[in-house]
């Protein structure tokens, strides 16, 4: 394969690749590509194309733009391979930020420096309302969306490589979430008893379940005999319509052991709920929701979060999110020396490493406690080692004292020691 570069106009270059002649017609085949930039950029693109042709990795450039591809990817791929909430979030970021900034660029001509420039602009002036920049966490989220989309484009043969691999996204600061302290929990539970959501709030605190998982919990998912419940579905509200979906990941489908006090509380709640449903002429069944309105309709997530915020205010407690009850549960478990593996399983995390990375900074005593526990384990061996070290130090001190004596004194000491040994023998 051979090729050369021609200038078409200022800042525009044509790459001409000679693909040989047709064996049947004898006609010469040439491939023309347009590159914008400097001559050096065009020459580099020519070398990459020739290398791709020789190795069989060449992808014929498509006229599709970044914006057109991202729209197709959101509807054909993201909707099928992610949860409804995630797919909706992807579409929001794509249409509000990525398409306005990068959408007009041809997909095959998207360069790392263009994406890097967008990140820098987004951090300073990226907000839609024009009142400043986006957070580093939001820009990192957009980077992950774009990277996932371009990885799919590589699989589909639309581009040769994922150029986001050459881009450095911003590094957000670690989020410091707020939790209920151990002293605040009795006050919180006492205030919760005065609301219709007492059992719901207590279950959130005692299990670490997400709000959607709690609102999707059915009585057939609760096993009083074993004192546990199973997370198999979640309630999701989209465009004012509530629907039940599968948990967000395979690890989110899990079994959670219940404290005995919470098991009793759920039993009392079930009996009271059944009595109300019978009065309404709508007896419950196995698929009935644990937390619902009197007529069996699912609770609205927004209503629950507003009631939670109002409870904290009336109780004189610091404001936290409903999701922070999940963080409170995890923090209490870790502070009580529950193994991180168990905490990770209760929360439905993908790995123990993620659990420790998320909560290690809110439990500063874990490292010190682990070090102290290690010393207690090795205490007998350490005592023996210290005794040997002490004996060695005494011998070394005696040897150093002996070596520091004058030669004559040293000889006299040897004679005295030999006489003592002779008499003792």
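Given the options 270, 286, name the one that is touching a strand residue (DSSP E or B) at 6+ places or on another chain (Cβ under 9 Å) and surrounded by fewer than 16 Cβ atoms within 10 Å (Cβ to Cβ). Step by step, each of 270, 286 is checked, and only 286 is touching a strand residue (DSSP E or B) at 6+ places or on another chain (Cβ under 9 Å) and surrounded by fewer than 16 Cβ atoms within 10 Å (Cβ to Cβ).
Candidates 137, 174: the one that is farther than 24 Å from residue 72 by Cβ, surrounded by fewer than 17 Cβ atoms within 10 Å (Cβ to Cβ), under 17 Å from the mean Cα position of the chain (by Cα) and free of Cβ contacts under 8 Å to residues at least 40 places away in the same chain is 137.
Take the conditions assigned to a helix (DSSP H, G or I) and in contact with a helix residue (DSSP H, G or I) (Cβ under 9 Å, 6 or more places away or on another chain) and apply them to residue 180. Does it pass? It is false that residue 180 is assigned to a helix (DSSP H, G or I) and in contact with a helix residue (DSSP H, G or I) (Cβ under 9 Å, 6 or more places away or on another chain). In a residue-by-residue description of segment 203-218, the property of being free of Cβ contacts under 8 Å to residues at least 24 places away in the same chain and either in a helix (DSSP H, G or I) or over 21 Å from the mean Cα position of the chain (by Cα) (or both) applies to no position.
Note on segment 236-261: residues that are in a strand (DSSP E or B), closer than 10 Å to residue 216 by Cβ and within 21 Å of the chain's Cα centre (by Cα) total 2.
Tell me the residue from 203, 207 that is crowded, with 18+ Cβ neighbours inside 10 Å, closer than 18 Å to residue 320 by Cβ and touching a strand residue (DSSP E or B) at 6+ places or on another chain (Cβ under 8 Å), please.
The conditions single out 207.
Checking residue 350 against (1) within 22 Å of residue 207 (Cβ to Cβ); (2) at pLDDT below 70, which single condition isn't satisfied? All conditions pass for residue 350, except number (2). With a requirement of 1 or more residues that are closer than 22 Å to residue 197 by Cβ, over 26 Å from the mean Cα position of the chain (by Cα) and assigned by TED's automatic domain parsing to the domain that holds residue 248, the helices (runs of 4 or more DSSP H) lying completely within segment 271-372 that satisfy it span 301-315. In this structure, is residue 380 outside the structural domain of residue 274 (by TED's automatic domain parsing), over 21 Å from residue 201 (Cα atoms) and either modelled with pLDDT under 85 or touching a strand residue (DSSP E or B) at 6+ places or on another chain (Cβ under 9 Å) (or both)? Spelling it out, residue 380 is indeed outside the structural domain of residue 274 (by TED's automatic domain parsing), over 21 Å from residue 201 (Cα atoms) and either modelled with pLDDT under 85 or touching a strand residue (DSSP E or B) at 6+ places or on another chain (Cβ under 9 Å) (or both).
When the residues of segment 152-167 are filtered to those that are part of a loop (DSSP other than H, G, I, E, B) and out of contact with any helix residue (DSSP H, G or I) (no Cβ under 7 Å at 6 or more places or on another chain), the one that is farthest from residue 324 (Cα to Cα) is 157.
The values are calculated or read from the model by the stated rules, or taken from the named source; none is laboratory data. All figures in this text were calculated on a predicted structure; none of them were measured in a lab. No Cβ is skipped: glycine too gets one built from the backbone with ideal geometry, and neighbour counts run over all protein chains shown.
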